[in-house]
Each structure stands twice: as C-alpha cells, then as structure tokens.
Amino acid sequence: MSEAWRQPTDTVRHVKVHVRLFAAIRERVGAGAVELELADGATVGDVWAALDLGTEPSGLLYARNRAYVDRAQSLEPGDEVAVIPPVSGGDFRLSADPLSVDAAVAEVRDDTAGAIATFIGATRARSRGRDVVHLEYEAYEGMAEQVMADLAAQLLDRHELCRVAIHHRVGRVDIGETSVVIAVSAPHRAAALAACAEAIDELKVSVPLWKKETFVGGEEWIGQGS
C-alpha cells in the first residue's frame, strides 16, 4: 500500500493515534500497527476510512486504549485504537507453548469446591469438508487477558463459583494439540458445568482472539467478516 494514507498531507489533520491491526486486516495492510493523523474532532469510527481499505466489513469492533468502545467515541492525541475483526473463536493466560490441563485444574482447586469442570479444545484434522494442516491463533495481547478476566468475574458472580482459569494458545497449533483449556470450580457440579459451557461460548464472541485455518490447498481466517 502507498504511504499516503499513513501520513496525510492535509494540514487540518492533527489528532495522531496509534492503530493496532489483527488477523486478516493486518495481512491486508502488511503491518500490525500504523500511525494515523485524523481531523480534529475525529471519532473511533473515522479510523476505518483513514485506513483506505474499502468497504468496512460486517461485525467490526473497535477498542480505545484497550477497552471496547462505540464508534462515536471521540479520539484524543496519543490514543491507541485497535481495529478488531469479529473474533473466532487466567489466571487468564495466552501461551505460545503447549497447554497443561493439570496446571489449569491446579489453579482452580479450592477447599470450598465440590466440583471442577473442564473444557479442552483441540485442533481437529478435518473441518467443513477440508483436510486441516494446522491452525494459527492471534491475540490482542494485554486486552485479551483483561477481557478473559472480566468474563471470569461475571461467571464467578453469576454462578457463585470458587475459581476460574482460562488458558489459550497463540501461534501455530498442530493437529491433535490443545488450543484452549478452561477450568471452573464451584461448590456444586451443576454450577461448575454450566459456567464452563458458558465460558467457552462467550470466549468465542468477546475475547480478541483470531484463528487462521491452513488446509490442503489454502488458508482462511475463520469468522464473520474475515
């Protein structure tokens, strides 16, 4: 892409922001971060147009200084804006190394817990009629852990849990390897099981994590708008 969109020459533009890019959008731009100068009074919603990437994809979200915000949110000089494609789908941990189920369970053990429920997600060899080679996960690090912690706090309150742990891989995850481990402890099994199921469902729609599927013959970012 040309440098023109990164450094506008319009002298009216003087709100400089740092923009983080992820997944398919990062690949289109060719960089994980760019600096933009926008007109005074610009909002978060003006960032997409300034990137000059064509029609804005459906389901796009924005974060300002690592918190989700509405598109109408005003920008201040020095803000960090994350352009977040629809997410695919610790102690809240992102790890480039193999995950340990035992470690997640150990983190939620509690003398008041009568049950521990776990969910383990793994890379399968076939998906949507295609032979999968491997998956690759990308995260907005810093914000992803915070959103996972917020999710855990909601679950703790809603289900009267003891503890929650969420560990997720980043980078390449080969066939059969574990991509996510969720462990939940509670006084009673019904609460632990319900919270564990809710945790993985919410993880897929709220945490800024993206999945690229490499299959025989190609690759694709999985998720609406990717």
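Per residue, the solvent-accessible area of the chain (1.4 Å probe, heavy atoms of protein chains only, all protein chains present) comes to 48 Å².
Taking 16 Å as the straight-line reach from the Cα of Lys212, the aspartates and glutamates in range (excluding those fewer than 8 positions away in the same chain) are Glu27, Asp131, Glu136, Glu138, Asp174, Glu177, Glu220. Whenever you get a sec, compute what percent of the accessible area on the chain sits on carbon and sulfur atoms (1.4 Å probe). C and S atoms contribute 47 percent here.
Would you compute, from DSSP H runs of 4+ residues alone, the mean residue ellipticity of the chain at 222 nm, taking -39500 (n - 2.57) per run and dividing by the full residue count, rounded to the nearest 500?
That calculation yields -7500 deg cm²/dmol at 222 nm.
In the set (i) 47; (ii) 50; (iii) 56, the label that goes with percent of Cα pairs over 24 Å apart computed for this structure is (ii).
The values are calculated or read from the model by the stated rules, or taken from the named source; none is laboratory data. Fair warning: this is a prediction, and the values are worked out from it, not measured in the lab. Surface accessibility is based on the protein's heavy atoms, side chains included, excluding ligands, DNA and RNA. Shrake-Rupley method; radii C 1.70, N 1.55, O 1.52, S 1.80 Å.
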